[in-house]
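Inspection log for the structure reproduced underneath, given as structure tokens.
Read-outs throughout are calculated quantities, based only on the coordinates presented, and are distinct from any laboratory measurement. The shown structure was predicted, so the numbers you read here are calculated from the model rather than taken from an experiment. Positions of Cβ are backbone-derived with ideal geometry, glycine not excepted, and every protein chain shown enters the neighbour counts.
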Amino acid sequence: MPAAAAAILDGMPDDRDLHRLASGGQIMISAGSVLLFRYAEEDTAARNVAVTALRQLRFTGTAVAAATGLTPNYVAALYQRFLREARPG
């Protein structure tokens, strides 16, 4: 198993493994050689899912921001909103 995939499965990913590729209106986010997300550039809902999932996988906010083309502050706000709204009430 590739090192990046093993890191994700162990819950201890290395931020250096997270990469973004934009091509033909599509965004692809991978960890090492493992494609984690592919979504249309204008699909903000899919991007937000990617943000929250990457943060849950323990990638840092800075790495997630770089991979999704957002600011670290916006990533933090999205993730905090997810944490608030995802809790059973």
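Report the net charge of residues surrounding Gly25, where surrounding means a beta-carbon distance below 9 angstrom and charges are Lys +1, Arg +1, Asp -1, Glu -1.
Net charge around Gly25: -2.
Mind running the shape call on the range 3-86? Use the C-alpha gyration tensor, a ≥ b ≥ c as the square roots of the eigenvalues: rounded below 1.5 for a/c, prolate if a/b tops b/c, oblate otherwise.
Oblate shape, in that a/c is at least 1.5 and b/c is the bigger or equal ratio.
Mind listing the phi-derived Karplus ³J(HN,Hα) values for the range 36-49, rounded to whole Hz, using 6.51, -1.76 and 1.60 with θ = phi - 60°, and x for any glycine or proline?
Listing the rounded values in order: 9, 9, 9, 8, 5, 3, 8, 8, 5, 5, 5, 4, 5, 4 Hz.
What does the extension gain come out to for Gln56 and Leu21, with contour length at 0.36 nm per residue minus their alpha carbon separation?
Additional length available on full extension: 10.5 nm.
Tell me which of Gln56, Leu35, Gln80 sits at the most positive position along the dipole axis of the range 3-86, charges placed on C-beta atoms (Lys, Arg +1; Asp, Glu -1).
Result: Gln80, furthest along the dipole toward the positive end.
Quick one: which residues, 5 or more positions from Glu41 or on another chain, have an amide H under 5 Å from its amide H? H modelled 1.01 Å from N in the peptide plane, none for Pro or chain starts.
Gln26, Ile27
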